[in-house]
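Structure first, commentary second.
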Amino acid sequence: MSATSSSTDHKGNEDAISVKDILVNTIANTNTYSDIFIVVNYNLTVSDSDVQAIQQQLEVQRSRLYVLFVQTYMNYTSDVYYPMNKLSIGSGGVAVRLKDYNELHTFFAQYFPILVANDIVAKAYSANQKAGIALNDVYLLAESYYLLVTNEDALGDGISQATINVNGTTVTNILNIGELQLFELTAKSATKYNIPIFFTTGGLARYSSAILFVNTANQDFISLSFVDKDGKNRNDIEYNDGAYTPVIYSSSPFDSSSNIFITYSDAANPAKLIYNGSITNSSGCPGFKNYNWTTEYSWPCSVSGGLYHIKIDRSSNNQVISRTFPITCIGASVGGCLNGGIFDDGACNCPNEWTGTHCESPVCLNGGTVTSAHTCSCLPSFTGTFCETSYAHCGSSPKTPDYRADLSSLVIVADVNALAFGGMTADFGVTGIPITVILYGDGNAPRIVLSTTNSQHLLDVLKQVAQTTPATSPSPAPVNSDMYKAMNLALDNQLTNRALLVVYTSNADVPVDSDFLTRLAIKRAEVRVLSISGAESDNARTLSLVGNGIPIAVTNTGHFQTYLSSYVAQLFQSLQYQANVPQRVFNVFKTDQLTGPTTVEIPKDTLFDNAQSILFVHVYKGRLDGTPSFTPIGTIGDTKIYSIPYYQKDGKPLSLTWNTGGVTGFYAVEVVGYLKLTTFASATQTRQQQFVLTCFRGEYQSGNTDCKGHGSPGAICSCDRNWGGIDCTEPVCVNGVRDMSVCRCPVNNYGLLCDKTFGAAPLTTSTAAPTTTTPKNFRVVAFILDLIGTDDYAYNQTIQSLTQYYKAFGSSHWVLLVHNLNQTYDVAPEFQQYQGDQYLLNATVDFWPLRSKASRTSSVTLISSSDVPSNNMGGLDSFTKSAVAYSPFTTSVDPTVTDSLKQNFSTNVSTAREYYNGLLSMVTSTNQNANAILPDKPGTFSCVYGLQSNIRVAIDRSNFSSNAVNESLNDFLTHFRLGFNFIENDEDRCSTQPLPAFYKERTALTAFPYYDNVVKTAKFCPSQYTSMLSFAVNGKQTVPNYENPKYVSTLGKNINSADCSCNRFFDPKTIKFILWLPRAPIPSSADFLQSLKLNTTNAYHFVVPFYDISAESKATDLYYQILVNQVKGGDYYLLPNAAKVTSIQTDVIDVLYEKLCESAGVDPTAVPPPPTFLESYSLTRQEDYDYGIFYD
């Protein structure tokens, strides 16, 4: 011990040693069940792969790891404490930070004899900040135990003292060293105890561990092992390696009341129950004679790198004892990420619905709040995991239930070859629901071509197209058809809880994609298949029936329009929202084969006196019989479609029969109404039907009206503005669309009614329709794209001006597309006439990957083919020539480029920073341009749009002095981000170095509040900015608790954190800004200034105060003093008092934008237009230029 306590302290930056190199062999060469102690006082490194390797060796040897950090050395090149703490906790040990070697000496002298080689009775661990943790349902004998507690206080800079008070026990605090506390707990009687542990200092602690050990004198022994899927005995378990059966050795036998518990420790719950069962004798199992006990459960660990605990309560000889075994599921760490979170570079990337360090906290919608148990507490009119579903409250039993029509969006997937046979010819009159159109089958990948809420917009994309294959021939090679890719794309973009998916294909005989069928059930989509050929194939029938429909064979060019008008239109019109009326629900009652006369009975719903339902009946190779006779509303080949209104009044059965004896048909019966249906599966039906039934009716058995939504009672509920439904709980969405009881908002809107806005891109388009009259003379244009450089912005502006030029002249040109790269092709380029600018855009997609190639030897490539007007380049010399050179918005075109074009191509050369100016130049230089129709000139964004920056916004949420200050602050937060091309929460942006192209010229925004004694951690992965817009917590004090010396230090750690690569903290090309929003001054000091120093390059503080900073107060105000030593002096980085300005936008945000741009070296006057439809093709934005050349 004397040698250890007198060892030399290391002061320098020695080369780091890998922890893996030290520990793996050490653990492997020790005896099983050994305790491993490692003293750390040197520069170490530990990677994720190191953690996994050490973890596996600890599990194999079933060893406990204790890591003792002697903090006389602090020059670590990376964070080693937290991964080492994870390893220790997972093995049943702890990691402890000790002040010096004297504390280390004390540890070995006093702790070591108590801890070593003792079994664990109970154990709990929590990474989250909590006021305490507990060891529950622990069986103790009437003897002494040792309780070890470690934690870290809320500021991450010390221990939060533990207090333990358990009835029926005596608890003595033996000694505290560093972050470790040791207690002796003596039970007065043998029974079950709950042991709560409260943290008193500061009230909260994180990374809290509590381990209860048996006394060294106790000789009762229990051991745990496993039998794997191959029948082998092992101590460790591996992720995704099959199931493991626990086997147990015990020094005393188990009786029938013994139990085993398997729990998983996540951030929110240190003991989430996985399994609880009895323990049985397994002495008959050969090869495991020492492990005579087991349980009837084979357990596959489901969280890679996750920590589990197996607790055994052994009942024997009228005594019950508990033993606990920490088990790590060996595999690549997922960081304990829950609820679909992905562990990446040290942090969890959470789905949109979840947040928190481990994705443990739900994001509560519609005004809900998160509870301490990480659940949503919803407002009265909402329910669901995230408060996402609206419902009405019943004061008494409702007389009439309210069914919600949850079929609320339409997706049309169309094969271009089918559209060549016959397309849409007229509007079918559906408005107010999301409609998406996806095209495939023309050699391009399936793609979304339109998203609208009005069916009249569909004519442009679903009309009959130029024939690409023989009229009734299927798409070539249906085995390789993109039909299922297109349908999967449809499911990916399904906008509501339930959707109707109409597939119009040239050939439905495509091998079934079983994964799609699974997704279909999960997404609750209805599929209707119309096919020109292959409708009766097994593949087509399977898809149709599983999609809750029947095969429909298209034999006439007008059938597609007939189906849309007669069925789709009437279906959605019958589901339209009506105020104060029970909403109908859509359900497929039955689909089956028709092999002869068939009767389908639909029960009458006794809940309704005057129920009004509508039946839609599809019959393939059959018909609907009855008196009076039924007339189809539409006939498509051998399929008849019937609509039967108010069938519920009659309650009569449906009579169906086939057309021709011996020829099998199919039928489907759909109900739009209020039927209380019991669904079932037939021989050919494989999907379980689903529909939603909720409360309620305005009239109740008591005779009173109950309007607990948003309205006033009367004979019926009188609803407030923007609310409707029987009891005023249905939102009338200001923007977006209503999906059941929730408004689905477009990207720029939010709020319960989609009535709040983030701001919209100021892009407008002309309402004037382009001319479609065929010109008397050919118009011919050749676009030559000189693809030098890789700047995405310049490329996209080039392509947009090209397509808009084509549109401006009514898509009347014959077009030649060529580029200048040295490529070899078997065919010469040819002129092509495109149906519209979207088709021309698709033809340019192949240019995208070619633009970065080094070679510039002049050559051309075939984009599409035609026989007219020419098949070669020979006649281009006679064309009118001009050129436009496009530049990134942050720079101008290099003069050498324009000089070269003037000398070698044409004297008519112009430059453009955005597409519209380039378009004007192109149209102006075109012959006979009087009839060109230009779009409206787009608005512009600020210069910050293209910044490659990371911005942390530090929000002082202290108790505000007035509502005006709070409103100004929230106004600033809402509008500040609108100018940026910012990275949203739902984008996968965390990655390992080097940073991917995704980051180029984009801004990551995050925010964190600080108040009282609280500093929230700022996360870029995912960003917290959106959640901070509505952060409602305000402190009790008017200023943060800066008098606590740790407080400002914690703020400094927060702004300098580098928890994952997506924060780009050390990336020299990314500019970093810390934006402070203080409400009151903090006195400056040298220590505070040092704490808030930015420990990276290309980084700046800015301050937007919400109080007055006078010339006199600057010398003592911390917020001003952190600005003084920056490049341009303190006044430059200080904005005016935002609580007193006339306009937050003009006087603060716009001024701040200019200063951010100037700090980044970007010309504040160089602003790009808003994003366009071309953004989907953007992958990178770098520093160069492209220019386009065209002939006319």
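Results, tabulated for the structure shown:
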read-out: Single match in Val94, Val70 (criterion: in contact with a helix residue (DSSP H, G or I) (Cβ under 7 Å, 6 or more places away or on another chain) and within 28 Å of Pro196 (Cβ to Cβ)); value: Val94
read-out: Criterion: at pLDDT below 65 and farther than 30 Å from Thr436 by Cβ - qualifying residue of His358, His393, His374; value: His393
read-out: Pair list, Cβ under 6 Å, 6 or more apart: region 1078-1099 residue on the phi > 0 side of the Ramachandran plot, other residue surrounded by 14 or more Cβ atoms within 10 Å (Cβ to Cβ); value: Asn1098/Ile1071
read-out: Count of residues meeting criterion [in a helix (DSSP H, G or I), over 21 Å from Asn1041 (Cβ atoms) and in contact with a His (Cβ under 8 Å, 6 or more places away or on another chain)] in region 1082-1129; value: 1
read-out: Criterion: under 24 Å from Ser455 (Cα atoms), touching an Asp or Glu at 6+ places or on another chain (Cβ under 6 Å) and touching a residue at least 24 places away in the same chain (Cβ under 8 Å) - qualifying residue of Leu564, Leu491, Leu530, Leu500; value: Leu500
read-out: Single residue of region 543-575 satisfying the filter (among the small types (Gly, Ala, Ser) and part of a loop (DSSP other than H, G, I, E, B)) that is nearest to Pro645 (Cα to Cα); value: Gly549
read-out: Identity of the residue in region 918-951, in a helix (DSSP H, G or I) and touching a strand residue (DSSP E or B) at 6+ places or on another chain (Cβ under 8 Å), that ends up farthest from Val781 (Cα to Cα); value: Val944
read-out: Some residue of region 1109-1126 being closer than 26 Å to Cys943 by Cα and of a type in the set (S, T, N, Q); value: yes
read-out: Residue in region 577-589 that is in a loop (DSSP other than H, G, I, E, B), modelled with pLDDT under 80 and of a type in the set (D, E, K, R) present; value: yes
read-out: Inter-residue pairs, beta-carbon under 8 Å, first touching a residue at least 40 places away in the same chain (Cβ under 8 Å) and in region 81-105, second in a helix (DSSP H, G or I) and of a type in the set (Gly, Ala, Ser), 6+ apart; value: Val94/Ser88; Ala95/Ser88; Tyr101/Ser5; Asn102/Ser5; Leu104/Ser5; His105/Ser5
read-out: Residue count for region 502-538, restricted to those that are of a type in the set (Phe, Trp, Tyr) and buried (at least 23 other Cβ atoms within 10 Å of the Cβ); value: 1
read-out: Extreme residue, surrounded by the most Cβ atoms within 10 Å (Cβ to Cβ), among residues of region 165-198 that are of a type in the set (D, E, K, R) and part of a loop (DSSP other than H, G, I, E, B); value: Glu179
read-out: Sole residue being modelled with pLDDT of 75 or more and either surrounded by fewer than 20 Cβ atoms within 10 Å (Cβ to Cβ) or not assigned by TED's automatic domain parsing to the domain that holds Ile435 (or both), chosen from Val363, Val411; value: Val363
read-out: Residue in region 1004-1020 that is surrounded by fewer than 21 Cβ atoms within 10 Å (Cβ to Cβ) and either assigned to a helix (DSSP H, G or I) or modelled with pLDDT under 70 (or both) present; value: no
read-out: Of the criteria (1) farther than 18 Å from Thr200 by Cα; (2) within 46 Å of the chain's Cα centre (by Cα), which one Gly132 fails; value: (1)
read-out: Condition met for Asn292 (more than 32 Å from the chain's Cα centre (by Cα) and in contact (Cβ under 8 Å) with a residue 12 or more places away in the chain); value: yes
read-out: Residues satisfying the stated conditions in region 1052-1081, i.e. at pLDDT below 90 and either of a type in the set (Phe, Trp, Tyr) or in a loop (DSSP other than H, G, I, E, B) (or both); value: Asn1056, Ser1057, Ala1058, Asp1059, Cys1060, Arg1064, Phe1065, Phe1066, Asp1067, Pro1068, Lys1069, Thr1070
read-out: Single residue of Ser283, Ser315 found to be more than 25 Å from Tyr125 (Cα to Cα), hydroxyl-bearing (Ser, Thr, Tyr) and at pLDDT below 85; value: Ser283
read-out: Filtered residues of region 113-164 (kept if surrounded by 17 or more Cβ atoms within 10 Å (Cβ to Cβ) and at pLDDT below 75); value: Leu115, Asn128, Gln129, Ala154, Leu155, Gly158
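Let's see how each residue does on (1) at pLDDT below 90; (2) buried (at least 20 other Cβ atoms within 10 Å of the Cβ); (3) touching a His at 6+ places or on another chain (Cβ under 8 Å); (4) outside any strand (DSSP E or B):
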{"site": "Asp460", "(1), (2), (3), (4)": "yes, no, no, yes"}
{"site": "Thr472", "(1), (2), (3), (4)": "yes, no, no, yes"}
{"site": "Val479", "(1), (2), (3), (4)": "yes, no, no, yes"}
{"site": "Ala486", "(1), (2), (3), (4)": "no, yes, no, yes"}
{"site": "Leu500", "(1), (2), (3), (4)": "no, yes, no, no"}
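Yes/no per residue for (1) at pLDDT below 85; (2) farther than 18 Å from Leu545 by Cα; (3) hydrophobic (A, V, I, L, M, F, W, C):
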{"site": "Thr635", "(1), (2), (3)": "no, yes, no"}
{"site": "Leu654", "(1), (2), (3)": "no, yes, yes"}
{"site": "Val672", "(1), (2), (3)": "yes, yes, yes"}
{"site": "Thr679", "(1), (2), (3)": "yes, no, no"}
{"site": "Thr686", "(1), (2), (3)": "yes, no, no"}
{"site": "Gln689", "(1), (2), (3)": "yes, no, no"}
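The values are calculated or read from the model by the stated rules, or taken from the named source; none is laboratory data. Not measured: the values here are computed from a predicted model. Cβ atoms come from the backbone with ideal geometry, glycine included; neighbour counts cover every protein chain shown.
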